[in-house]
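The values are calculated or read from the model by the stated rules, or taken from the named source; none is laboratory data. The structure displayed is predicted, hence computed values, not measured ones. Note that we place each Cβ from the backbone using ideal geometry, even for glycine, and neighbour counts take in every protein chain shown. Side chains are part of the model used for accessible areas, which takes the heavy atoms of the whole protein and leaves out ligands, DNA and RNA. Shrake-Rupley method; radii C 1.70, N 1.55, O 1.52, S 1.80 Å.
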Amino acid sequence: MSEVSALAQRIDALLPQTQCTKCGYAGCRPYADAIASGQASYNQCPPGGAEGVARLARLLDRPVIPLNPENGAERPRPRAIIDESLCIGCTLCIQACPVDAIVGAAKLMHTVIEDRCTGCDLCVPPCPVDCIDMVPVTGERTGWQAWSQAQADEARSHFEAHQARLEKEKAQREARLAARAARVAPGAPGASQATETLTTASPVSSGGTQTPDSSPALDEASTAAARKQAIIQAALARARQKKATLAAEGLGPKNTENVSAAVQAQIDEAEARRKRLGLATDTDAPPPDTPDTSGKA
């Protein structure tokens, strides 16, 4: 192990392992690597607070300096709470959580495992209906006073398990895609015939029989889809109203700016998905003081 790598490991052991990315790096270990290599300062970790800076200063034999305000402020440790009445089961918060502290399934309500939540805030920006609140749970205690080494070690274990799961799922997904590509590769037996069948198939049947587009099953599916979209639109409307109210009171989400590239990609994907579904975005919504005349719930 190189000297820089060994130092990075010791630095990482002093970080709170919230994996919040507020330091400007993708996680605690990348930040530790950057400090060890001289690419980052040791005062960029808001969850560690002033005590965290002092711990790193002692290790590095450097002076104790103030926490860099550009990375955030020291604060009581929060916990994510999901408003079940607004959750639409999109799973974006589950994907954003670095320690698998959120459980649920697509189209079903999600919930937070309290003991696992590190208060990283990463689940807030991707939520398309703004149904997640970060609630302080440590009173006046901030930084390491609101956290413990045992909790940090446990959070690291959960993060490593999360990363291992993602790698496993990625490998399985790539294996499935490779197998599918092998089955439908050009020149494969039956591939040309299947392509020709799909290309020449006509949706209109002869003899006046009912076409697939007009079948009762499809009509029922279309009605169900419209009902689902109306429910989602109603949830989005309620979320917009709640967001406007919180913003007016100065209580809206504070971490929607300068998020990491990974989180921004999830936000962009959420917006793209809503556009594909024909759902209104915040930019399409009327101002909070404009009466809603659409007739929707």
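The one condition from (1) within 20 Å of the chain's Cα centre (by Cα); (2) in a loop (DSSP other than H, G, I, E, B); (3) farther than 30 Å from L108 by Cβ that Q17 does not meet is (3).
Each residue in region 52-91 was checked for being of a type in the set (D, E, K, R) and either over 24 Å from T138 (Cβ atoms) or surrounded by fewer than 16 Cβ atoms within 10 Å (Cβ to Cβ) (or both), and 5 of them qualify. Scanning region 113-132 for residues that are touching a helix residue (DSSP H, G or I) at 6+ places or on another chain (Cβ under 9 Å) and either among the acidic types (D, E) or not in a loop (DSSP other than H, G, I, E, B) (or both) turns up D115, D130, I132.
Please tell me if G104 is under 12 Å from P78 (Cα atoms) and not aromatic (F, W, Y). So G104 does not fit the description; no.
Close contacts from region 121-142, counting a first residue that is among the hydroxyl-bearing types (S, T, Y) and a second that is outside any loop (DSSP other than H, G, I, E, B), with Cβ to Cβ under 7 Å and a gap of 6+ residues or different chains, come to T138/P76; T138/A146; T142/G49; T142/P76. Between residues in region 65-85 that are in contact (Cβ under 8 Å) with a residue 60 or more places away in the chain and residues that are open to solvent by 80 Å² or more (accessible area, probe 1.4 Å) and assigned to a loop (DSSP other than H, G, I, E, B), which pairs lie under 8 Å by C-beta distance while being six or more apart or on different chains? So the pair list comes out as P76/E140; P76/R141; R77/R141. If you go through region 38-89 and keep only what is over 29 Å from the mean Cα position of the chain (by Cα) and assigned to a loop (DSSP other than H, G, I, E, B), you end up with G38, D61, R62, P63, V64, I65, P66. Inside region 98-112, residues that are in a loop (DSSP other than H, G, I, E, B) and without any contact (Cβ under 8 Å) to a residue 40 or more places away in the chain make up a count of 7.
Of everything listed in (1) more than 25 Å from A230 (Cα to Cα); (2) open to solvent by 40 Å² or more (accessible area, probe 1.4 Å); (3) of a type in the set (A, V, I, L, M, F, W, C), the single unmet condition for C117 is (2). A171 satisfies every condition listed in (1) of a type outside the set (S, T, N, Q); (2) free of Cβ contacts under 8 Å to residues at least 40 places away in the same chain; (3) open to solvent by 60 Å² or more (accessible area, probe 1.4 Å) except (3). Can you find a residue in region 137-148 that is open to solvent by 20 Å² or more (accessible area, probe 1.4 Å) and within 14 Å of I94 (Cα to Cα)? Checked region 137-148: no residue is open to solvent by 20 Å² or more (accessible area, probe 1.4 Å) and within 14 Å of I94 (Cα to Cα).
Taking the conditions (1) open to solvent by 10 Å² or more (accessible area, probe 1.4 Å); (2) under 26 Å from C131 (Cα atoms); (3) under 20 Å from the mean Cα position of the chain (by Cα) in turn, C28 satisfies each one other than (2).
A Cβ distance below 7 Å, combined with a sequence gap of six or more or placement on separate chains, defines the contacts here; from region 48-59, residues that are assigned by the TED database to the domain that holds I11 reach residues that are of a type in the set (G, A, S) and part of a helix (DSSP H, G or I) in the pairs G48/G143; G49/G143; A50/G143; E51/G143; G52/G143.
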